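Here the structure comes first, spelled out in structure tokens, and everything after it is commentary.
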Amino acid sequence: MAGGFQLEYLRVYLLSSVLLSGCLSSDGPNRTRLLSNFGVADTVEDVAGFETLEQHRWGGWLRVPIERKLHRRFKEACVLEEAGLLEDAIETLGRLQEKNPDSACVLEVRGALYAALGYQRAAAGDFQRAIWIQPNRAETWGALGRMQCELDLNLQALAVLERAGELGLDSFEYHLTLARTYRALARRGKAAVHYSRSIEHQVNPTVELYVEAATLATEGGNDVPEAEAFEQALHLIDRALELETNSCQAWFVRALLLEAADEPAQAIAAYLRALEIDPEHIAAWTNLALYSRRLGDTEMSSEAACRALELETDARRRRSLERLLLKRPAREKG
């Protein structure tokens with residue numbers, strides 16, 4: 001059994017590599033050969049060679065229970081997705097949906113693939129239609145909330161996500177989406193709670209997740225004490241730096257936090273560490289220029305400002321940066 005799993009997985013991997021390198025077209029006879037090579041006409045158990053349909057994450061993120069009678073066509077869509085042919089998979093699902101208009105799972109899977117391609121509105125439409133058919137599936141509510149969050153429809157997203165929670169949804173993706181939604185609504189305390197829960201749901205949280213959660217303390221929102229927010233944020237950044245000592249973004253956010261906490265020596269050191277890792281980080285040079293000017297270090301401020309302007313290649317952004325960095329402080333005017 002294990003050997004069969006490895007062999008089937010290798011077949012998928014090799015075929016995907018060939019397709020993505022452009023050596024094999026997905027059109028016409030080649031597409032038919034692709035599907036027959038994987039035995040699409042066979043029973044669904046064959047697909048367990050690389051993933052069962054129940055375990056498969058459509059679009060890389062959503063698991064969907066599949067109606068048994070539709071397994072064969074979903075198997076085809078699964079193979080196409082594994083080969084990187086998402087638009088072909090969507091076309092297959094479209095034909096399937098026409099024949100099965102009351103099937104929520106077809107709409108869910110197609111929505112997940114639309115989302116993977118960046119078509120959030122189309123995805124949201126499919127998830128909404130799936131909810132009309134099957135209103136008590138928590139994961140579909142969560143998927144719709146995620147799309148609405150990505151579309152900046154945050155009040156709608158919050159209502160949808162709260163319904164998902166009422167139906168029992170409790171996952172990493174759910175809490176991360178809730179955190180981002182509350183964040184967009186400037187409800188920092190609620191966002192912090194759900195960032196913490198999303199981290200708890202991860203066996204190995206990433207540096208990026210810790211950094212995203214920590215930057216919350218640098219934003220507006222008055223539903224959590226400042227001192228508490230900054231203490232939590234610094235703890236998260238320390239966790240990020242434990243994972244990756246040379247994370248430029250983690251050092252940059254640490255500098256922002258220390259600057260806001262009025263720790264000038266540590267803040268400057270953190271900015272310099274970020275720039276040691278990535279000497280072309282324009283935001284770090286810009287913040288260093290502004291902060292050192294406030295501290296009265298005109299030499300450091302001038303050097304950092306010049307470096308930021310040298311690195312900015314977009315003419316419009318450069319003019320804005322010049323106005324920001326080269327204007328004289330109020331006390332020097334007149």
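The values are calculated or read from the model by the stated rules, or taken from the named source; none is laboratory data. None of these values were measured; they are calculated from a predicted model. Note that each Cβ is placed from the backbone with ideal geometry, even for glycine, and that neighbours are counted across all protein chains shown.
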Determine if region 111-123 includes at least one residue that is surrounded by 16 or more Cβ atoms within 10 Å (Cβ to Cβ), assigned to a loop (DSSP other than H, G, I, E, B) and within 22 Å of the chain's Cα centre (by Cα).
yes
Those residues of region 63-75 which are crowded, with 20+ Cβ neighbours inside 10 Å and either in contact with a helix residue (DSSP H, G or I) (Cβ under 6 Å, 6 or more places away or on another chain) or not assigned by TED's automatic domain parsing to the domain that holds residue 113 (or both) amount to 64, 66, 75
Of all residues in region 149-165 being charged (D, E, K, R) and over 10 Å from residue 184 (Cβ atoms), the one that is farthest from the chain's Cα centre (by Cα)
163
Only one of 227, 213, 159 is crowded, with 17+ Cβ neighbours inside 10 Å and assigned to a helix (DSSP H, G or I); which?
213
Looking only at residues that are in a helix (DSSP H, G or I) and of a type in the set (D, E, K, R) in region 166-189, which one is farthest from residue 144 (Cα to Cα)?
188
Spot the failing condition for residue 168; the list is (1) surrounded by fewer than 16 Cβ atoms within 10 Å (Cβ to Cβ); (2) at pLDDT below 95; (3) not β-branched (Val, Ile, Thr), and only one is missed.
(2)
Step by step: first the residues of region 198-208, then only those that are in contact with an Asp or Glu (Cβ under 9 Å, 6 or more places away or on another chain) and buried (at least 17 other Cβ atoms within 10 Å of the Cβ), then the one that is nearest to residue 173 (Cα to Cα). Which residue is that?
198
